[in-house]
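Novice: This structure is in structure tokens; I'll ask about it shortly.
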Amino acid sequence: MKTHAALFTASILSAAVVIFTVFFGLKNIYRPAFNASTHKIIIDAGHGLPDGGAVAADGTIESDINLAIARLLNDMLTAAGFECIMTRTDENSICTDGGTIHAKKVSDTKNRVAIARKNSDAFVVSIHMNTYTTPDVHGSQVFYKSGSDISKEIAEEVQRIINLKYQPDNKKTVKPIPSNVYLFKNISNNSILAECGFLTNEDDLKKLKSAEFQQDIAKSIAEVVTFKLIGSDINGN
Ligand SMILES: [Zn+2]
């Protein structure tokens with residue numbers, strides 16, 4: 001009898017240990033890794049007319065694709081509960097000064113810096129397209145604000161998901177945003193910069209122009225940002 005009672009007690013105890021471990025283990029997995037919770041996102045579509053950014057051989061301009069992806073991201077992150085601030089919402093830059101294209105570009109960048117500084121608690125997601133001197137180089141690459149752990153963690157996860165789900169032959173890994181990029185040199189916000197692909201590569205260009213791939217990229221970013229910053233999926237679960 002005593003043996004049975006002891007066995008029964010032991011079983012109850014081990015069941016309790018299993019339940020405790022599973023429950024708190026899972027809770028731990030689904031907790032954001034950093035206490036960097038913010039509900040504000042700055043979505044920065046790179047460039048804007050008269051500065052179209054990089055231009056593909058077929059005349060596609062970078063600023064148009066940047067805006068298309070930024071708009072999708074805005075829809076997804078707004079639906080997930082974030083307050084989103086887009087640095088530009090149409091094809092034009094946000095310059096307020098300058099006669100020459102260069103002067104307009106300087107004014108535009110300074111205005112973007114001002115938006116980020118005014119919202120220093122916001123996480124910045126900047127969207128750009130890449131180019132290279134040879135047509136073989138391809139694939140998305142995510143950069144992060146140097147010295148920011150949460151930015152690096154988000155960049156790594158976005159890169160991992162894009163490579164895994166959409167670009168199995170993409171060997172690119174995350175890198176810090178180069179220190180000479182004016183916008184990021186002048187702001188302290190946690191940030192990532194997604195170079196979504198190469199306008200100089202035929203396959204990348206085809207994908208970047210497709211609504212489906214634009215959606216895939218936006219979704220990859222939105223899912224990771226939502227999960228890491230507010231600890232839920234993009235549907236709020
Ligand atoms: Zn660019």
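Novice: Hey, could you get me the Stokes-Einstein D for the range 137-202, Kirkwood radius over alpha-carbon pairs, 10 °C and 1.306 mPa s, rounded to whole µm² s⁻¹?
Specialist: Values: Rh = 12.3 Å.
It comes out at roughly 129 µm²/s.
Novice: Could you tell me how far the Cα centroid of the range 159-217 sits from the Cα centroid of the range 120-142, in Å?
Specialist: Rounded to whole Å, the Cα centres lie 4 Å apart.
Novice: If you don't mind, another one. Show me, for the range 154-167, the HN-Hα J-couplings you get by feeding each phi into the Karplus relation (A = 6.51, B = -1.76, C = 1.60, θ = phi - 60°), rounded to Hz, glycine and proline as x.
Specialist: Along the range 154-167, the couplings run 5, 4, 4, 6, 5, 4, 4, 5, 4, 4, 5, 8, 10, 9 Hz.
Novice: Output the peptides 172-180, 200-208 sorted from most to least packed, where packing is the average of other Cβ atoms within 10 Å over each peptide's residues. The partial results should precede the final answer.
Specialist: Details: 172-180: 14.0, 200-208: 19.1.
Per-residue Cβ counts within 10 Å, averaged per peptide and sorted highest first, yield 200-208, 172-180.
Novice: Could you grab the relative contact order for the range 130-219? Cα pairs under 8 Å, six or more apart, rounded to a whole percent.
Specialist: Numbers: 129 pairs, mean separation 37.9, N = 90.
Over the range 130-219, the number comes to 42 percent.
Novice: Between Rg and the Kirkwood Rh of the range 74-124, both from Cα atoms, what is the Rg to Rh ratio?
Specialist: Details: Rg = 13.0 Å, Rh = 12.2 Å.
On the Cα set of the range 74-124, Rg over Rh gives 1.07.
Novice: A follow-up question, please. Using θ = phi - 60° and the Karplus relation 6.51 cos²θ - 1.76 cosθ + 1.60, list the HN-Hα couplings for the range 121-132 in order, rounded to whole Hz, with x at every Gly or Pro.
Specialist: Ordered by residue, 3J(HN,Hα) equals 8, 7, 8, 9, 10, 10, 10, 9, 10, 9, 9, 8 Hz.
Novice: Can you pull the Kirkwood radius for the range 38-230, inverse mean 1/r over Cα pairs, to one decimal in Å?
Specialist: Numbers: mean 1/r = 0.0606 Å⁻¹.
It works out to 16.5 Å.
Novice: Which cross-chain or sequence-distant (5 or more) residues have an amide H under 5 Å from the amide H of N92, H modelled 1.01 Å from N in plane?
Specialist: Those lying under 5 Å, H to H, from N92 are L49.
Novice: Pairs of Cα atoms under 8 Å, at least six residues apart: use those to get the relative contact order of the range 38-230, whole percent. Could the numbers behind the result be given before it?
Specialist: Working: 372 pairs, mean separation 52.6, N = 193.
It rounds to 27 percent for the range 38-230.
Novice: Also, I was wondering about something else. Taking amide H atoms as placed 1.01 Å from N in the peptide plane, list the residues 5 or more away in sequence, or in a different chain, whose amide H sits under 5 Å from that of I42.
Specialist: Here I85, F123, V124, V125 satisfy the definition.
Novice: Sticking with this one: Hey, can you grab everything whose amide H is under 5 Å from the amide H of Y144? Only 5+ residues off in sequence or another chain; H modelled, so Pro and N-termini drop out.
Specialist: Hits under the 5 Å cutoff: K175, I177, L193.
The numbers here are math on the coordinates, done by the rules we state, and not lab data. Worth saying up front: this structure is predicted, and the values here are computed from it rather than measured. We place every Cβ from the backbone using ideal geometry, glycine too, and count neighbours over all the protein chains shown.
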